[in-house]
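What follows is a set of notes on a single structure, which appears directly below.
The values are calculated or read from the model by the stated rules, or taken from the named source; none is laboratory data. Bear in mind that the values here come from a model prediction, so they are computed numbers and not experimental data. Cβ placement follows ideal geometry from the backbone for every residue including glycine, while neighbour counts extend to all protein chains displayed.
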Amino acid sequence: MMTITEQHLNLISLNVRGLRNKEKRDAIFRWCNYQKVDILLLQETNWTDNILKIIKNEWIGHCYFCNGTNHSRGVAILISKTFSLPITVTNVFYDCDGRAVMINVIVNHCKLCIVNIYAPTERKNREQFFKKIADWIQEKRHLQYDLIIGGDFNSVLCTQKDVKGNKNNYYKTPIRLKFLVKQFDLCDKRKYNPEKRQFTWRNLLLNVASRLDYWLIHNHLKSKVIIVDIRPAIRCDHNAISIKLKLGDTQKGPGYWKLNNKVLNDYYYKRQIKNIVGNIEKENVNFGDK
């Protein structure tokens, strides 16, 4: 007997605000493993080439880096070794400024282009950044791969829903980000209650908050989204964002058939079995006579 099981992909994105300290890395990696992450997107790692070998020994799985300096920028995409689905990384591309890394992957026959970004904090630089990212994605992404962009955008998409306590020009949505969303037919897959206000960053006084971290996914993937969530993270000033996708069904089996012993004491069940056996005996007798 064949049974159908769903296959899931769990992605988590987190701005770690520096991850050069080993004690902090160990804590973050343990937290991520506890979240059962399949693919992890990190921003503001502050990693440099001289510690990459150490990182690869500490993280159990594949690592793809785009480094900045030891005090700014840096992004990474980490794939867990415990990931149960077959995955093939077909291409990896890096932004030389340490603000973006892209992988084209095939997961369970689904083709995905996963982009991790860390946008500039300076508003005047974000327009140029999003234009550059759009051109970069257009050039590097395979057209048959569905696009998923996650990370710290340092921008909000809706000032009414995504900002609390301060609505100055810093939070004005960059025009180029709007163009990017339209150009690649993306959507902001919020949590199931789209009217609920949720934030991923708060200041120390807790009187200013904003949703700077989110997922932009191709509209084709909307039906595959199981859940989108914001999760408290440890030792970071940002919350983590997660998204779980259904990547298709697979068949398992054949399995073992087990008899429920209670039916052997059921009067009507025993009578029906006796009738079936009796009918089969009669059919065999008649068949033998012919």
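Out of the residues in region 138-192 meeting the condition of being surrounded by 15 or more Cβ atoms within 10 Å (Cβ to Cβ), among the β-branched types (Val, Ile, Thr) and more than 16 Å from the chain's Cα centre (by Cα), tell me which one is nearest to Val101 (Cα to Cα).
Only one residue fits best here, namely Val181.
Residues Ile39, Ile79, Ile12: which one is among the hydrophobic types (A, V, I, L, M, F, W, C), within 30 Å of Trp136 (Cα to Cα) and in contact with a His (Cβ under 7 Å, 6 or more places away or on another chain)?
Working: Ile39 fails: in contact with a His (Cβ under 7 Å, 6 or more places away or on another chain); Ile12 fails: in contact with a His (Cβ under 7 Å, 6 or more places away or on another chain).
Matching residue, one of Ile39, Ile79, Ile12: Ile79.
Which of the residues that make up region 234-263 are modelled with pLDDT of 75 or more, of a type in the set (A, V, I, L, M, F, W, C) and over 26 Å from Leu85 (Cα atoms)? If you could, list the steps in order and put the result at the bottom.
Taking region 234-263 as the starting set, the residues that turn out to be modelled with pLDDT of 75 or more are 234-247.
Adding the requirement that they be of a type in the set (A, V, I, L, M, F, W, C) leaves 234, 236, 240-241, 243, 245, 247.
Scanning region 234-263 gives Ile234, Cys236.
Report, ordered by the first and then the second residue, all pairs with beta carbons closer than 8 Å, sequence separation of six or more or different chains, a first member in region 129-144 that is farther than 15 Å from Val92 by Cα, and a second member that is surrounded by fewer than 17 Cβ atoms within 10 Å (Cβ to Cβ).
Phe130/Phe179; Lys131/Phe179; Ala134/Phe179; Ala134/Gln183; Gln144/Lys111
With respect to Leu11, is the statement that it is touching a Cys at 6+ places or on another chain (Cβ under 6 Å) and crowded, with 17+ Cβ neighbours inside 10 Å true? Let's see the steps before the verdict.
Working: touching a Cys at 6+ places or on another chain (Cβ under 6 Å): no; crowded, with 17+ Cβ neighbours inside 10 Å: yes.
No; evaluated as a whole, the condition is false for this residue.
Pull up region 66-113, narrow it to residues that are among the aromatic types (Phe, Trp, Tyr) and modelled with pLDDT under 95, then point me to the one that is farthest from Lys36 (Cα to Cα).
Ranking the candidates gives Tyr94 first.
Can you tell me which residue within region 187-233, out of those that are of a type in the set (Val, Ile, Thr) and in contact with a Leu (Cβ under 9 Å, 6 or more places away or on another chain), is nearest to Gln144 (Cα to Cα)?
Taking region 187-233 as the starting set, the residues that turn out to be of a type in the set (Val, Ile, Thr) are 200, 208, 217, 225-228, 230.
Within this subset, residues satisfying the condition of being in contact with a Leu (Cβ under 9 Å, 6 or more places away or on another chain) are 200, 217, 225-226.
Values: Thr200: 32, Ile217: 14, Val225: 19, Ile226: 22 Å.
In this case the residue turns out to be Ile217.
Look at Asp49 and say whether it is at pLDDT below 95, farther than 15 Å from Ser13 by Cβ and surrounded by 16 or more Cβ atoms within 10 Å (Cβ to Cβ).
Numbers: at pLDDT below 95: yes; farther than 15 Å from Ser13 by Cβ: yes; surrounded by 16 or more Cβ atoms within 10 Å (Cβ to Cβ): no.
Spelling it out, it is not the case that Asp49 is at pLDDT below 95, farther than 15 Å from Ser13 by Cβ and surrounded by 16 or more Cβ atoms within 10 Å (Cβ to Cβ).
Tally the residues that are out of contact with any Asp or Glu (no Cβ under 8 Å at 6 or more places or on another chain) and not in a strand (DSSP E or B), restricting the search to region 59-75.
4
Going through Glu23, Glu58 one at a time, which residue ends up being surrounded by fewer than 19 Cβ atoms within 10 Å (Cβ to Cβ), without any contact (Cβ under 8 Å) to a residue 60 or more places away in the chain and in contact with a helix residue (DSSP H, G or I) (Cβ under 7 Å, 6 or more places away or on another chain)? Don't jump to the end; show me each part of the working.
Working: Glu23 fails: in contact with a helix residue (DSSP H, G or I) (Cβ under 7 Å, 6 or more places away or on another chain).
Answer to the selection: Glu58.
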